[in-house]
Amino acid sequence: MSYFKLATYMLIRLVTNTAYRMIYPFLSVFARGLGVEISVISGLVANRAIAGAVEPFIFPFIETRGRKFGMLLGLGLFVLSMGMVALWPNLTTFGIALVFSLVGKAIFDPSLTSYVADHISYERRGAAIGILEFAWSLAFIIGVPAAGFLIARSTWSAPFGVIGVLGFVAFIYIVLTLTDSAKPVHHVDGIFGNVKQIFTTPAVLMAFSIGLLVSAANEVVNLMFGVWLEDSFKLQIAALAGASAIIGLSELGGEGFVALFVDRLGKVGALGYGIVANSLAALLLPVIGHTQLGALTGLFLFYITFEFTIVGIIPLMTEVMPNARATTLSFASAANYIGRAIGALLAPSLYALGFSFVTGAAVIFNLLGLVAVWYVSRHHD
């Protein structure tokens, strides 16, 4: 697979990721445009998360129909959801669009990643996945500001129309240019046979737990870092603006390191290094965070090591059960969501005890993740 094709697929994911990530910074803008309280929009975002959690159980019906089918189905749902808001901008279409766009993205992403994995050897797959994952950080660095530009010069619904058109162009591109991989065969135990195999294979479950645990470690800090900045420096707006820029750059850097180093270090070895580095960054946060510069430096180190780790998991997940790649990737994503939910539930109580308890909990989650890495290393690389 050529770098041109990888770059093209990355740009398609940049479009879908922008639709996902723009909701958070413009939450109040969408609420004002729709004439509702922010809590109403937050509730719709929660509905979106629930849809993401149940989506993996749809994949057994999709995977055996081929990667191209999954990609087109995902993009089709995505374009439909964006078009609904662009043509009929109201609370109902907005709520439906949040759910359907996530379902579409959650079908498209594993299908695309599986397609790439089908055509690139495991030894080179880390670099390819790293390139694809640039779409996540670039959505924050390029896509979200572009959406803000459109909103400022038009209406709150303007980005949905533009994103929908770009999604339709991507759909046509996939139809005309993509030659499908060989379709995965049906499991002998029926439509949910792959799911049963996944949940009865210890190495796969332990691989899932790596993402769950490091996501929980990230979320306990992620949720409370802004509060810590406000409490420490009384400069919420300035500090959070700086933090947003730092997060975007650190994500980009982490994805770049995956592309450069994961294949060289070995997939499992790279995860071990990433978790250790993220733990050290968590321990440093309370130590160097006595000044705003120190806090932002600590934030950069924490996020770049997390991004390296979480993206580095993906190449491993493409190979732990090759006969059910897309389904496995979908469940891995759901495990990450569960980890974030655990971290979010614990974070406020931990912060009430002090920020060092937050970072300490992150280290504990990471160490448990390191145990899972050790287990997987005995069964796979």
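The residue list 166, 132 contains one member that is touching a residue at least 40 places away in the same chain (Cβ under 8 Å), more than 20 Å from residue 247 (Cβ to Cβ), out of contact with any His (no Cβ under 9 Å at 6 or more places or on another chain) and in a helix (DSSP H, G or I), which is 166. Consider residue 308 carefully, then state whether it is under 23 Å from residue 131 (Cβ atoms), within 16 Å of the chain's Cα centre (by Cα) and not acidic (Asp, Glu). It is true that residue 308 is under 23 Å from residue 131 (Cβ atoms), within 16 Å of the chain's Cα centre (by Cα) and not acidic (Asp, Glu). In the stretch 331-351, the residue that is surrounded by the most Cβ atoms within 10 Å (Cβ to Cβ) out of those that are closer than 18 Å to residue 107 by Cα and among the small types (Gly, Ala, Ser) is 332. Of all residues in the stretch 135-163, those that are over 23 Å from the mean Cα position of the chain (by Cα), part of a helix (DSSP H, G or I) and of a type outside the set (Lys, Arg) total 6.
Every listed requirement among (1) under 25 Å from residue 123 (Cα atoms); (2) touching a Phe, Trp or Tyr at 6+ places or on another chain (Cβ under 8 Å) is met by residue 299 save one, (1).
Within this structure, residue 286 fails the test of being part of a helix (DSSP H, G or I), touching a residue at least 24 places away in the same chain (Cβ under 8 Å), more than 22 Å from the chain's Cα centre (by Cα) and within 22 Å of residue 53 (Cβ to Cβ). Comparison of 157, 121 shows that the only residue that is free of Cβ contacts under 8 Å to residues at least 40 places away in the same chain and over 18 Å from residue 333 (Cα atoms) is 121. Of the residues making up the stretch 96-123, those that are of a type outside the set (A, V, I, L, M, F, W, C) and either more than 18 Å from residue 54 (Cβ to Cβ) or at pLDDT 95 or above (or both) are 113, 114, 115, 118, 119, 121, 122, 123. Evaluate the stretch 204-225: report whether one residue or more is assigned by TED's automatic domain parsing to the domain that holds residue 23, modelled with pLDDT of 90 or more and surrounded by 14 or more Cβ atoms within 10 Å (Cβ to Cβ). No, the stretch 204-225 has no match at all.
Reported count of residues in the stretch 288-328, each being among the acidic types (Asp, Glu) and surrounded by 24 or more Cβ atoms within 10 Å (Cβ to Cβ), is 1.
The values are calculated or read from the model by the stated rules, or taken from the named source; none is laboratory data. These numbers were taken from a predicted model, which means no experiment stands behind them. Here Cβ is always computed from backbone atoms with ideal geometry, including for glycine, and neighbour counts include all displayed protein chains.
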